Amino acid sequence: MGSPTRDTPQYAKRLTVDAFVQGILAKDRTILSRAITLVESQLPSDREVAEKLVDEILPHTGKSIRIGITGIPGVGKSTFIEAFGKHLTSMGKQLAVLAIDPSSQKTKGSILGDKTRMNDLSKDEKAFIRPTSAGDSLGGVANYTREAILLCEAAGFDLIIVETVGVGQSEAQVRNMVDFFLLLMLGGAGDELQGIKKGIMEMADGIMITKADGDNLKRATQAQSDFKHALHLFQPPESGWIPKVLISSAVELRGLHETWEMINEFRSFTSMNGYLQSQRDAQNKTWFHSTINQILRNEILNHKSILEKIEMMEQKINSGEIHPGAAARAVVNDFLKLISS
Ligand SMILES: Nc1nc2c(ncn2[C@@H]2O[C@H](COP(=O)(O)OP(=O)(O)O)[C@@H](O)[C@H]2O)c(=O)[nH]1
Ligand SMILES: [Mg+2]
């Protein structure tokens, strides 16, 4: 099937929903990539097509394992994903990686860019790597990452990995769109040094001590046993799954098969006790409600008079004339009056 390339005139044109669906189900990488670009678009006309597309492919989703990988910049996320990814494809697995690329944000041309591209893995025909912008929108790693996961699933990938930027709220957002959340940490550096809050450790289904090679191996093994002890102090997670602590090295190819076994074990454990599905159901519910908020907010901000009112209210809040709750209520009341007139 000759799909349009950059050289053909059709490329500039938008595909129909049906052409997108057929292309994705036929595992056409170019069309998958274009579909992800479509769901990332903020244009209302694109949103409309994107929503139809995601709706159409929905029956073909849900069969992959969704994995989130987080950790501070430099901990070795991209390098680990590349080594782990190659291990998976050598076993015949098909893997999609959605790498949230911080270089497209403030730190333009970031030094991490090279690794994010995962040059070796991207040449592997069983792998699909898609750097996505961290997003300038309010939502940060917004709903389009969720939609991109679904598109990749419909294209038949067995595993979907989402690499986080490793700052602030993006962790919680990614946690809320994957089945298994893996936190990468360095051995020998204090938790505070690594900027890892207890809350993030509590979100993890697995902790990986990276760079366990050369002189670092001893420190990594020590950290492994320290973290195992530390995890005992936490509340048992809702899934009933006791998080595992592993060590890895992308240089000495350590811990890769163990990671795969851990994820498989998690999958059977949570399939048996129903948590895998109940977590996905809860995530969908959150997605649904946050989308209502987002759509409503966009509708409200669509009116010039409302934007002016908001600006005025901000000043009144600053000068202490009105409190934020009442100001918000006044804005929404104006909106309601506007749409009913
Ligand atoms: N020795 C060693 N170095 C590593 C390993 N993994 C990553 N690195 C190095 O650590 C740096 C940061 O890695 P990168 O994957 O870009 O980290 P990210 O920011 O978390 O994605 C790079 O210079 C890597 O070469 C490892 O397993 N062993
Ligand atoms: Mg990276």
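The values are calculated or read from the model by the stated rules, or taken from the named source; none is laboratory data. Because the structure is a prediction, the values reported are computed rather than measured. Here the Cβ positions follow ideal geometry from the backbone for every residue, glycine too, while neighbour counts run over all protein chains shown. Accessible surface areas use protein heavy atoms only, side chains included; no ligands, DNA or RNA. Shrake-Rupley method; radii C 1.70, N 1.55, O 1.52, S 1.80 Å.
Taken as a whole, the range 269-277 holds no residue that is at pLDDT 95 or above, over 30 Å from L150 (Cα atoms) and either within 16 Å of ligand 2 (Cβ to nearest atom) or in contact with an Asp or Glu (Cβ under 8 Å, 6 or more places away or on another chain) (or both). The one condition from (1) more than 9 Å from ligand 2 (Cβ to nearest atom); (2) modelled with pLDDT under 85; (3) open to solvent by less than 10 Å² (accessible area, probe 1.4 Å) that S104 does not meet is (3).
Among residues of the range 73-98 that are free of Cβ contacts under 8 Å to residues at least 24 places away in the same chain, none has a beta-carbon under 8 Å from a residue that is assigned to a helix (DSSP H, G or I) and within 13 Å of ligand 2 (Cβ to nearest atom) at least six positions away or on a different chain. Condition (residue is modelled with pLDDT of 80 or more and within 22 Å of S248 (Cα to Cα)) applied to the range 9-32: is it met by at least one residue? Looking through the range 9-32, none of the residues is modelled with pLDDT of 80 or more and within 22 Å of S248 (Cα to Cα).
Between L186, L182, L246, the distinction of being hydrophobic (A, V, I, L, M, F, W, C) and modelled with pLDDT under 95 belongs to L186 only. Among the residues of the range 49-71, those identified as touching an Asp or Glu at 6+ places or on another chain (Cβ under 9 Å), assigned to a helix (DSSP H, G or I) and among the hydrophobic types (A, V, I, L, M, F, W, C) are A50, L53, V54, I57. Checking I57, I81, I65 one by one, the residue that is out of contact with any Gly (no Cβ under 6 Å at 6 or more places or on another chain), modelled with pLDDT of 95 or more and within 16 Å of ligand 2 (Cβ to nearest atom) is I81 and no other. Any residue at all in the range 268-291 that is within 16 Å of ligand 1 (Cβ to nearest atom) and within 22 Å of the chain's Cα centre (by Cα)? Checked the range 268-291: no residue is within 16 Å of ligand 1 (Cβ to nearest atom) and within 22 Å of the chain's Cα centre (by Cα). Of the helices (runs of 4 or more DSSP H) that lie entirely inside the range 245-341, those containing 1 or more residues that are closer than 30 Å to K86 by Cα span 256-272, 275-301. K309 meets each of the listed conditions (1) more than 28 Å from Q173 (Cβ to Cβ); (2) loosely packed, with under 13 Cβ neighbours inside 10 Å apart from (2).
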